[in-house]
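Visitor: Before I ask anything, let me first share the structure, which is written out below as structure tokens.
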Amino acid sequence: MSSKKYSKVAVGGTFDKFHDGHKKLLSTAFEIGDKVEIGVTSDAFGGLKGDIDSCKIRMGNLKNFFSEEHDFCVVPLDDPYGTTIYDADFEAIVVSAETEPTAVKINEIRISKGMKPLDIVVVSFVLAYDGTPISSTRIRRGEINNNGNLIH
């Protein structure tokens, strides 16, 4: 018998320039779920954000980071919702404040299909040393590194 709150949890994102904010989001999913499905934006969908690493590289980073975990899978996302709008086994979704509106929309779609809505678990941002959230965009701009240290 598992002591975790949910049997199956979803989490998704671009996960470019894998950083401490991503680690917190994903660690939360593993803390609360027996099985975790990590959706990673595909090259076509994620490419809308600009110059990001390939989906293959981003998925590889996640698999390496979670090499100690057992019950998870990494899948490509071609839209904001992934399998959460088809798979009734999901019980929760872990999001940042930035992506919470997408989780609300997922629940609207699930309810319209007669599925149970997901519990939405919102994880607070990890702040860089300047007090501003760590983000892949800031890392790409050369403002901070993956741990939130300022680059001078």
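None of the figures in this text is laboratory data; all of them are computed from the coordinates on show. Not measured: the values here are computed from a predicted model. Glycine also receives a Cβ, built like all others from the backbone with ideal geometry; neighbour counts cover every protein chain displayed.
Visitor: Which entry in [x] 52, 35, 35; [y] 52, 34, 28; [z] 84, 24, 23 is this structure's computed Cα extents along the principal axes in Å?
Guide: Correct label, based on the coordinates given: [y].
Visitor: Residue-wise, which Karplus ³J(HN,Hα) couplings in Hz belong to segment 68-76, taking 6.51 cos²θ - 1.76 cosθ + 1.60, θ = phi - 60°, and x for glycine or proline?
Guide: 3J(HN,Hα) across segment 68-76, in whole Hz: 7, 7, 10, 8, 8, 9, 10, 10, x.
Visitor: ASP53's amide H: which non-local residues (gap 5+, or another chain) put their own amide H closer than 5 Å, with H modeled 1.01 Å from N in plane and none for Pro or chain starts?
Guide: So ASP53 has HN proximity to LYS17.
Visitor: Give the cross-link partners of LYS4 among the aspartates and glutamates, using a straight C-alpha distance below 19 Å as the criterion and excluding same-chain residues fewer than 8 apart.
Guide: Correct list for LYS4: GLU31, ASP34, GLU37, GLU68, GLU69, ASP71, ASP89, GLU91, ASP119.
Visitor: For VAL75, what residues show an amide H to amide H distance below 5 Å, using hydrogens built from the backbone and excluding near sequence neighbours?
Guide: Residues meeting the amide H criterion: ILE38, GLY39, VAL40.
Visitor: Report ³J(HN,Hα) in whole Hz for each residue of segment 118-130, in order, from the Karplus equation J = 6.51 cos²θ - 1.76 cosθ + 1.60 where θ = phi - 60°; Gly and Pro get x.
Guide: 7, 6, 9, 9, 9, 9, 5, 5, 8, 8, 6, 5, 8
Visitor: Right, something else. Net charge around ASP20, counting only other residues with Cβ within less than 15 Å of its Cβ (Lys, Arg = +1; Asp, Glu = -1)?
Guide: Numbers: positive: LYS17, LYS23, LYS24, ARG138; negative: ASP16, ASP130, GLU143.
Around ASP20, the surrounding residues sum to +1.
Visitor: Let me ask something else about it. Could you pull out the pairs from LYS5/LYS105; LYS35/LYS113; LYS8/LYS105; LYS23/LYS113; LYS17/LYS105 whose alpha carbons sit more than 30 Å apart here?
Guide: On the way: LYS5/LYS105 23 Å; LYS35/LYS113 23 Å; LYS8/LYS105 19 Å; LYS23/LYS113 32 Å; LYS17/LYS105 26 Å.
In this structure, LYS23/LYS113 lie more than 30 Å apart at Cα.
Visitor: In addition: Sorting check: for 23-33, 74-84, which peptide has the highest mean count of neighbouring beta carbons within 10 Å, and how do the rest follow?
Guide: So the peptides 23-33, 74-84, ranked by packing, come out 23-33, 74-84.
Visitor: Around TYR6, under 14 Å between beta carbons, what's the net of Lys plus Arg minus Asp minus Glu among the other residues? Show your work: numbers first, answer last.
Guide: Working: positive: LYS4, LYS5, LYS8, LYS35, LYS116; negative: GLU31, ASP34, GLU37, ASP71, ASP87, ASP89, GLU91, ASP119.
Net of charged neighbours comes to -3.
Visitor: Out of SER42, SER135, SER124, any idea which swings most in a Gaussian network model of the chain, alpha carbons joined below 10 Å?
Guide: SER124
Visitor: Let me ask you something else. Based only on other Cβ atoms within 10 Å, what is the fewest-to-most ordering of HIS22, HIS70? Each step should come with its number before you reach the end.
Guide: Working: HIS22 24, HIS70 8.
Listing HIS22, HIS70 from fewest to most nearby Cβ atoms yields HIS70, HIS22.
Visitor: Same structure, new question: When the Karplus curve 6.51 cos²θ - 1.76 cosθ + 1.60 is applied with θ = phi - 60°, which whole-Hz ³J(HN,Hα) does each residue of segment 137-152 get, with x for Gly and Pro?
Guide: 4, 5, 5, 4, 6, x, 6, 9, 9, 5, 9, x, 6, 5, 9, 9
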